[in-house]
1. Of all residues being open to solvent by 30 Å² or more (accessible area, probe 1.4 Å) and assigned to a helix (DSSP H, G or I) in the range 304-314, which is modelled with the lowest pLDDT? Just the residue, please.
2. Against the definition (surrounded by fewer than 20 Cβ atoms within 10 Å (Cβ to Cβ) and more than 30 Å from residue 186 (Cβ to Cβ)), how does residue 109 come out, yes or no?
3. Can you tell me which residues in the range 243-279 are polar (S, T, N, Q) and either at pLDDT 85 or above or more than 23 Å from residue 165 (Cβ to Cβ) (or both)?
4. Which residues, counting only those in the range 231-241, are surrounded by fewer than 16 Cβ atoms within 10 Å (Cβ to Cβ), in a helix (DSSP H, G or I) and modelled with pLDDT under 70?
5. In the set 287, 299, which member is open to solvent by 60 Å² or more (accessible area, probe 1.4 Å) and of a type outside the set (Ser, Thr, Tyr)?
6. Would you confirm whether any residue within the range 148-162 is part of a helix (DSSP H, G or I) and of a type in the set (Gly, Ala, Ser)?
7. Quickly run through the range 324-375 and pick out the residues that are on the phi > 0 side of the Ramachandran plot and surrounded by 21 or more Cβ atoms within 10 Å (Cβ to Cβ).
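The values are calculated or read from the model by the stated rules, or taken from the named source; none is laboratory data. The structure displayed is predicted, hence computed values, not measured ones. Neighbour counts are summed over all protein chains in view; Cβ atoms, including those assigned to glycine, are modelled from backbone coordinates with ideal geometry. Quick note on the areas: whole protein, heavy atoms, side chains included, nothing else; ligands and nucleic acids left out. Shrake-Rupley method; radii C 1.70, N 1.55, O 1.52, S 1.80 Å.
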Amino acid sequence: MKLKKMIWNKSIIICLACFMIISIFTIHSAQLYLSKNLGNLALKQLIWYLIGTIIIMVTIQVTNQKIYQNSKHLYFLGNILLFGLLLFAPPINNSKCWFIIPGIGSFQPSEFMKIFLILIISTVVSKEIENKKSLTWKEELLLLVKVGFLFLIPAILTFLEPDTGVVIIYFIVTIAILFTSTIRKKWFLIALSIILLLGCSFLYLYFFNQEVFVNIFGTDLFYRIDRLLDWKNGTGMQLENSLTAIGSSGIFGHGFKQTPIYFPESGTDFIFAVYASNFGLIGSILIVILIAYFDLTLIKIAKNARENTDKFVLIGITCMLVFQQFQNIAMTLGVLPITGITLPFISYGGSSLLSYMFVMGIVLNIYYDQKKTIN
């Protein structure tokens, strides 16, 4: 097989290199408070980055059309893995989100399901739009039902694990792709009205009739909502210690490996708090600028996309990353609820990092096609 001569997007490559350096050094700093049984997570993260680089190199040798054509198979595989979690995965922190692979570590299927969902919905929406110049109300309704069905299967399976944060990401990427399509915007007003009505009813029962809420939804969901809403009062050891670590860091921080206080999940969910406590306000501003530059690069590529499927895939990818970035940083600052969403490319995690590197291979393929057409 003849290897494709790649046209690289230097901005993306430079950002990924910077993310790798920041991630490895911050995880190394976070290990001060992590269990010794976890091993050297910084070294493991480096290995995941190296494997991820191989995944990018393999992905760019495959045309995106082949990936899109196999999106149904990937989606089916993802749902099988999510269903398998409920049957076979060992409970970890009261959640069944990971398969344990001896000698390697844990594997989280929902991280890949986010990508598979973006691919399948982008393919379905693009196919419907391209087949006809404009859709009738009935055709749009059928498309919405089809997309809703594709969304609900992994959403229900993931919610049962439970992993509410990933379900929110499923929802956001689905809405983003639909909203940027040619579907009439009145559908979104109808959906918003229904969501508001159901949401208000849900919250009314939670706050004012908790006995009925528990009878309908069960105690497990009640305590999950209660934990989610801890942020509004600034309560909870995680949040309090995160705010203390960040707030005490000053302009230049406490210094590398000088995180002043313990908080759980310091290498994953609260990685930004570790980074901010080490490098202070200046370091925090720099990483936010780097993230923003990376996101703007993706947006620029999306604006130049010529194929509908490419455009929708890039919209889904960008919305997924931007939401996770904003949510993760905001929750460590107490601005948003703690949902267990990690910071892309920075937090420790083989499953998440490898899924993002696969995505970067798709993005680079789209960029290659754009430049090849121009040249």
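1. For the range 304-314, the residue satisfying everything is 308.
2. no
3. 244, 248, 249, 258, 259, 268, 277, 278 - these are the residues of the range 243-279 that are polar (S, T, N, Q) and either at pLDDT 85 or above or more than 23 Å from residue 165 (Cβ to Cβ) (or both).
4. Of everything in the range 231-241, those that are surrounded by fewer than 16 Cβ atoms within 10 Å (Cβ to Cβ), in a helix (DSSP H, G or I) and modelled with pLDDT under 70 turn out to be 232, 233.
5. Details: 287 fails: open to solvent by 60 Å² or more (accessible area, probe 1.4 Å).
Among 287, 299, only 299 is open to solvent by 60 Å² or more (accessible area, probe 1.4 Å) and of a type outside the set (Ser, Thr, Tyr).
6. Looking only at the range 148-162, we keep the residues that are part of a helix (DSSP H, G or I), and these are 148-159.
If we keep only those that are of a type in the set (Gly, Ala, Ser) too, we end up with 148, 155.
Within the range 148-162, one or more residues are part of a helix (DSSP H, G or I) and of a type in the set (Gly, Ala, Ser).
7. Step one: list which residues in the range 324-375 are on the phi > 0 side of the Ramachandran plot, which gives 334, 340, 345, 349.
The answer is 345, 349.
Let's see how each residue does on (1) in a helix (DSSP H, G or I); (2) on the phi < 0 side of the Ramachandran plot; (3) buried (at least 16 other Cβ atoms within 10 Å of the Cβ):
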residue: 22; (1), (2), (3): yes, yes, yes
residue: 27; (1), (2), (3): yes, yes, yes
residue: 31; (1), (2), (3): yes, yes, yes
residue: 42; (1), (2), (3): yes, yes, yes
residue: 47; (1), (2), (3): yes, yes, no
residue: 58; (1), (2), (3): yes, yes, no
residue: 61; (1), (2), (3): no, yes, no
residue: 66; (1), (2), (3): yes, yes, no
residue: 72; (1), (2), (3): yes, yes, no
